[in-house]
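Structure record follows, encoded as structure tokens.
Bear in mind that the values in this text are calculations on the coordinates, not laboratory data. Since the model is a prediction, treat every value here as computed from it, not as a measurement. In this analysis, Cβ positions are derived from the backbone assuming ideal geometry, glycine residues included, and neighbour counts consider all displayed protein chains.
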């Protein structure tokens, strides 16, 4: 009997010790859910050296981030980076984020206009849920030697580049084409009936265009390989893809469409059941320092909301940016407003229809 | 005497029952926790109808929408038909291969051939499919080869159609057909085949009357495995089918991950389960096999 008691005590002691070690390890860990390029190895290493906090990085995209957090009701990660337009809707529908304590963040590190815009777009019930990190645009990546006439989304479907164009079959393509057809989908966000009408018109023209489309690309690498082999000469894509290709082939670059590039801002949010907010705030304040932010720009290819980081960015990227974005093209950017809950069901049905056609 | 014997016998039986329960426990836990419980949850989810943010009611809307929207049911039918075609094609290709391995050769060469059939499965399905992309794409091996030979003067795109999907699916499921076929053909007594010829049968008659009836359990087992794998495949159709790849599992993935519509995704998952069970059941009825006979 005494033996057994002893054994039980020993086992529970070991158990308690393991749990203590485990939770101690957890306390000094930051689980970051982000996009590839937003947490380069050297930045992570520097953060770990300065703070002693281990960073566990998971690469993802908007839909996956929201799905992951929804599946666990906001657990499993301490910091996530969805786009600022995908915060209000999912928060209203699934309650997967928690409000940000702005007093924990050094707001002087941010470009004021971007910070204010993001705060405004991510406010639910008077509380702020997001601060900006990296921004960029979607538009056209064009091989100017072979498809120099492509200046707007609609030009992809003018028939002269049949079999040589590509796009990603997600919501940006619907919105880009709506603008290109002279409509304003963002203004119709609040009116589902009108928005549906716009979507139907866009679907009609995209279905007619499908025969010209070489492939609907899924990942950035896939698009880059099909453009660099010449299989695709014009595509709807992210700016950074165009600049990456420009490094190898000066004919290829990103072109801001005449109806306006689509501007996105990837932001920082705290998952509702994140366990290490302190580390999350430390990470935000760390990566928003100009030198660090410039490193992230170098890895991701997009500029950040960090005040003064431009000074540390490589001249090549700056030249590429200026080439793609003359001042009027910057003023012409259509920034994504928050997506109201339920709108994506409508878009989903239209995207399914396009995918199934032909 | 008998009074004293009874309790001990009862204890022995209880002990036996306990050990039986313990033996079965892993399998039962596996079934219960990983298969039955999630399916019940999925069923409950599929019956929830979204009215607005955080507002749900119980109903069949997720199922009726499947039948109302032609895209959805036509995709499911298409997926089932291509899967059946892929299964038939796999059987056609795998049967001679399996027969050769099981009956025509002996010893080391037999093992060597078996390993060769297994070899492609040492790399992941993703890599194998990417290999096919390199071969079939416009700037790929076949297109360049044909141009080099002067047979065509323009690059040809071989990706993005149903044939490419079929090629990928057949290649991916080959092994799962070959293995059960080799096993079952191995057990066929050679003298039976000889007797068939001695009695005046030609090659076709022997195949039809002796070899296929004997191999039937293996054929059915292989077909069930290949059909299930193909129907549930998501990677190969997406990568090789390109812009025209419509696969039902992809629809389910889209519903769950991209559209955040778990309720409809769950309903679609159930419909897929029903269709696959139905096809397997019909297949068993036609071949007059039972699940039990194919598994032994």
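Helix A:62-71 axis versus longest C-alpha principal axis of chain A: approximately 40°, rounded to the nearest ten. Here the scattering of region A:245-358 is modelled by Debye summation over its C-alpha atoms, one equal scatterer each and no solvent; at q = 0.14, 0.18, 0.19, 0.20 Å⁻¹ the log10 of I(q)/I(0) is -0.88, -1.12, -1.14, -1.17.
Shape summary: region A:296-358 maps onto an equivalent ellipsoid whose semi-axes, from the alpha-carbon gyration tensor, are 34, 15, 14 Å in decreasing order. Applying 1/(1 + (r/R0)^6) with R0 = 22 Å to the Cβ-Cβ distance of residue B:286 and residue B:77 gives a FRET efficiency near 0.70. The helix-only estimate of mean residue ellipticity at 222 nm for the protein assembly as shown, built from DSSP H runs of length n ≥ 4 each weighted as -39500 (n - 2.57), is -18000 deg cm²/dmol after division by the residue total. Rounded to the nearest angstrom and listed largest first, the equivalent-ellipsoid semi-axes of region B:12-70 from its Cα gyration tensor are 42, 12, 8.
Scattering from region A:112-208 was approximated by placing one identical point on each alpha carbon and applying the Debye formula without solvent; log10 I(q)/I(0) at 0.25 1/Å stands at -1.25. A simple spin-label model places pseudo-atoms 7 Å from Cα toward Cβ; at residue A:158 and residue A:201 they are separated by 2.0 nm. Taking the average, over residues, of other Cβ atoms within 10 Å as the packing measure, peptides A:195-206, A:299-310 rank A:299-310, A:195-206 from highest down.
Against the main long axis of the alpha-carbon atoms of chain A, helix A:2-27 sits at an angle near 40°.
Across the alpha-carbon set of region B:70-295, the Rg to Rh ratio works out to 1.04, Rh being the Kirkwood radius. Using equal-weight Cα scatterers in the Debye expression, the normalised intensity of chain A in log10 at q = 0.09, 0.11, 0.14 Å⁻¹ is -0.54, -0.78, -1.20.
When peptides B:53-59, A:54-60 are ranked by their average number of other Cβ atoms within 10 Å per residue, the highest-first order is A:54-60, B:53-59. Sorting A:333, B:219 from the fewest to the most surrounding beta carbons within 10 angstrom yields A:333, B:219.
Beta-bridge orientation, the protein assembly as shown: approximately 65 percent antiparallel, per DSSP, counting only bridges with both partners inside. The angle separating the long axis of helix A:290-300 from the principal Cα axis of greatest extent in chain A is about 60 degrees. Summary of packing: across the peptides A:88-97, B:135-144, B:103-112, the per-residue average of other C-beta atoms within 10 Å ranks them, highest first, as A:88-97, B:135-144, B:103-112. Inter-chain neighbour count for A:92-104: the average number of beta-carbon atoms from partner chains within 10 Å of each residue's beta-carbon is 1.
Round to a whole angstrom and tell me the spacing of the C-alpha centers of region A:293-336 and region A:110-186. First find each Cα centre; the distance between them is then 16 Å.
Size estimate for the protein assembly as shown follows the Kirkwood approach: the inverse of mean 1/r over distinct Cα pairs works out to 29.0 Å.
Sorted largest first, the principal axis extents computed over the alpha-carbon atoms of region B:60-104 equal 57, 16, 6 Å. Within 10 Å of the Cβ of each residue in B:50-57, the mean number of Cβ atoms contributed by other protein chains is 3. Among the residues of A:346-352, the average count of other protein chain beta-carbon atoms within 10 Å of the residue beta-carbon is 4. Here the alpha carbons of region B:143-263 define both size measures, Rg and Dmax, at 21.5, 66 Å.
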